[in-house]
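Participant: Quick one: this structure, given as structure tokens, is what I'll be asking you about.
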Amino acid sequence: MNIAILPGDGIGPEIVAEAVRVLDVLELPFNTDSALVGGAAYEAHGHPLPQATLKLAQDADAVLFGAVGDWKFDTLERSLRPEQAILGLRKHLQLFANFRPAICYPQLTHASSLKPELIGGLDILIVRELTGDIYFGQPRGRRESPDGAFKGHPEAFDTMRYSRPEIERIAHVAFQAARKRSKRVTSVDKANVLETFQFWRDVMTEVHAEYPDIELDHMYVDNAAMQLVKAPKKFDVLVTGNMFGDILSDEAAMLTGSIGMLPSASLNSENRGLYEPSHGSAPDIAGKNIANPLATILSLAMMLRFSLNQAEAALRVEAAVVKVLEAGLRTADIWSEGTQRVGTREMGSAVVAALKAA
Ligand code: NAD
């Protein structure tokens, strides 16, 4: 099996290097090959997703992705900006299901802005649809002037749309994920106002008929945003569209204290996928050896489980991360009084050592 490694920009190369060290120590029979993506690829080849990088990703069983983007590319025309690489990969690899677990590790309960009793033991899974919704609807009323300004334009608009097959396949993904957990799904929509999401609710309910063992409830997105901060543990699997998922998954991520801890997986219908930390390229801390590599290492664990059929190795990696947290090691983003502050590289080394010792 082949793994494509795409480190990207900012802290991407630093955190991916640590995940690769973890992969190496597992001694599994995988080939790895890496390529430039994002701003780094634009600077070297004039495009954020060069053909060679796309081909490497298309030929791979899984992609380990760091992050892309830097403010210095903000003046480029939109199609050449680093962030287009991730959109292009989602499109070409037909990645339609984004999995974002939000887990609060007992050792990090205090890092949350919520009270420990509300957050302790949190373990929820947000399933976000990735290919439809307002981000891809036609027509788009976005007129891009060279400097990106809308001055003088009378209006702008985007169109929200979902097709039945798009909703059906994400519904199946969510119900099947719930089967391996506590068998509860909350579908989040805005059916009271938007036709698209009344349709979403109806199709979810139809597909649910095939899963009599799973409990389904529907919730409006404004209420879901409120419940996530009021009583997040009442959720188990939460499934929603592209835009609501974008917002709610970041909200859920921050509940757990640091975005530096949260992995993600984006899968296609053959379970091939792209695995990346939930955060971005953090240019403000790039090159300083202070970024938290654990979200990327945990993304590697998701890759082993979902795309590479190595559930046992995934458990070993996750256990090593817990061991390191138990030992009190913390990067700056999760550091607190009484714990030991370490850098990116040292955190990676600690996970490697924990794996070797297990
Ligand atoms: P960001 O997630 O990069 O950073 C937000 C804050 O979190 C920053 O203070 C950063 O220092 C901190 N942070 C992020 N990851 C961290 C880690 N591993 N350890 C410690 N601290 C961490 O979001 P942003 O600043 O809004 O965006 C920066 C760039 O990243 C932009 O160009 C944006 O477009 C891009 N971005 C890329 C992706 C992606 O590649 N999938 C996702 C989101 C943002």
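Read-outs: derived from the displayed coordinates by stated rules, not from any lab. Predicted model, so just to flag it, every value in this text is computed and none were measured. Glycine gets a Cβ as well: all are built from the backbone with ideal geometry, and neighbour counts include every protein chain shown.
Participant: Among DSSP bridges having both ends in the chain, what percentage is antiparallel? Round to the nearest 5. Before the final figure, lay out each step's value.
Facilitator: Working: 15 of 43 bridges.
About 35 percent, rounded to the nearest 5.
Participant: Another one. Local charge sum around Val127 (other residues, Cβ-Cβ under 12 Å, Lys/Arg +1, Asp/Glu -1)? Mind dumping the intermediate values first?
Facilitator: On the way: positive: Arg100, Arg128, Arg169, Arg181; negative: Glu129, Asp236.
Combined, the nearby Lys, Arg, Asp and Glu give +2.
Participant: Further question on the same structure: Taking Rh as the Kirkwood radius computed over C-alpha pairs, what is the Stokes-Einstein D of segment 97-262 at 25 °C in a medium of viscosity 0.890 mPa s, expressed in µm² per second? Please list the in-between numbers first.
Facilitator: On the way: Rh = 17.0 Å.
The Stokes-Einstein estimate is 145 µm²/s.
Participant: Sticking with this one: Which residues in segment 35-70 have a backbone N closer than 17 Å to a point placed 7 Å from the Cα of Asn2 along the Cα-to-Cβ line?
Facilitator: Answer for this model: 35-37, 50-65.
Participant: Would segment 196-335 count as rounded, prolate or oblate if I go by the C-alpha gyration tensor, calling it rounded below 1.5 in a/c and otherwise prolate when a/b exceeds b/c, oblate otherwise?
Facilitator: Prolate, since a/c reaches 1.5 and a/b exceeds b/c.
Participant: Where a ≥ b ≥ c are the square roots of the eigenvalues of the C-alpha gyration tensor, would you call segment 14-67 rounded, which needs a/c under 1.5, or, failing that, prolate if a/b is larger than b/c, or oblate?
Facilitator: Oblate shape, in that a/c is at least 1.5 and b/c is the bigger or equal ratio.
Participant: Also, quick follow-up: Restricting to DSSP loop positions (anything but H, G, I, E, B) with no more than 13 other Cβ atoms inside 10 Å of their own Cβ, which trypsin sites (Lys or Arg not before Pro) remain in segment 234-316?
Facilitator: The qualifying sites are Lys288.
Participant: Continuing with this model, one more query. Under a 5 Å amide H to amide H cut-off, with H placed in plane at 1.01 Å, what residues pair with His218 once short-range neighbours are removed?
Facilitator: Residues meeting the criterion, in which the H sits 1.01 Å from N, are Ser187.
Participant: Using only the alpha-carbon atoms of the chain, report the extent along each of the three principal axes, biggest first, to the nearest angstrom.
Facilitator: The principal-axis extents, from largest down, are 55, 50, 40 Å.
Participant: Within straight cross-link reach of Lys183, meaning Cα distance under 19 Å, which lysines are found once same-chain residues fewer than 8 apart are removed?
Facilitator: Here the lysines satisfying the reach criterion relative to Lys183 are Lys233, Lys234.
Participant: Where in segment 312-331 does the amide nitrogen come within less than 19 Å of the point 7 Å from the Cα of Ala353, taken along Cα to Cβ?
Facilitator: Output list for this probe position: 317-331.
Participant: About the Cα centre of the chain, what is the dipole size in debye to 20, counting +1 per Lys and Arg Cβ and -1 per Asp and Glu Cβ, all else neutral?
Facilitator: My answer is approximately 300 debye.
Participant: Could you list the chymotrypsin sites (Phe, Trp or Tyr not before Pro) in segment 176-273 that lie in coil according to DSSP, counting only those with at most 10 other Cβ atoms within 10 Å of their Cβ?
Facilitator: Filter output for segment 176-273: empty list.
Participant: Separation of segment 34-65 and segment 193-228 by C-alpha centroid, Å?
Facilitator: 36 Å
Participant: How far apart, in nm, are the 7 Å Cα→Cβ label points at Leu87 and Lys183?
Facilitator: 4.2 nm
Participant: Let me ask you something else. For a protection proxy built on the mean count of beta-carbon atoms within 10 angstrom, sort 45-53, 3-11, 338-346, 260-268 highest first, please.
Facilitator: On the way: 45-53: 17.8, 3-11: 26.8, 338-346: 15.3, 260-268: 23.7.
Descending packing order for the listed peptides: 3-11, 260-268, 45-53, 338-346.
Participant: Which ³J(HN,Hα) values, rounded to whole Hz and listed in residue order, are derived for segment 336-344 from phi using the Karplus coefficients 6.51, -1.76 and 1.60 in 6.51 cos²θ - 1.76 cosθ + 1.60 with θ = phi - 60°, glycine and proline given as x?
Facilitator: Karplus-based 3J(HN,Hα) across segment 336-344 equals 8, 3, x, 10, 9, 7, 10, x, 4 Hz.
Participant: Next question, about the same structure. Could you run the Karplus curve 6.51 cos²θ - 1.76 cosθ + 1.60 with θ = phi - 60° over segment 272-283 and give me ³J(HN,Hα) per residue in whole Hz, x for Gly and Pro?
Facilitator: Using θ = phi - 60°, the values come out as 7, x, 10, 10, 8, x, 6, 8, x, 8, 6, x Hz.
Participant: Loop-only check: which chymotrypsin sites (Phe, Trp or Tyr not before Pro) in segment 61-109 are DSSP coil with at most 10 other Cβ within 10 angstrom? Walk me through the numbers before you get to the answer.
Facilitator: Numbers: sites: Phe65, Trp71, Phe73, Phe96, Phe99; in loops: Phe96.
Filter output for segment 61-109: empty list.
Participant: Once you keep just the Cα pairs under 8 angstrom separated by 6 or more residues, what percentage relative contact order results for the chain?
Facilitator: 22 percent
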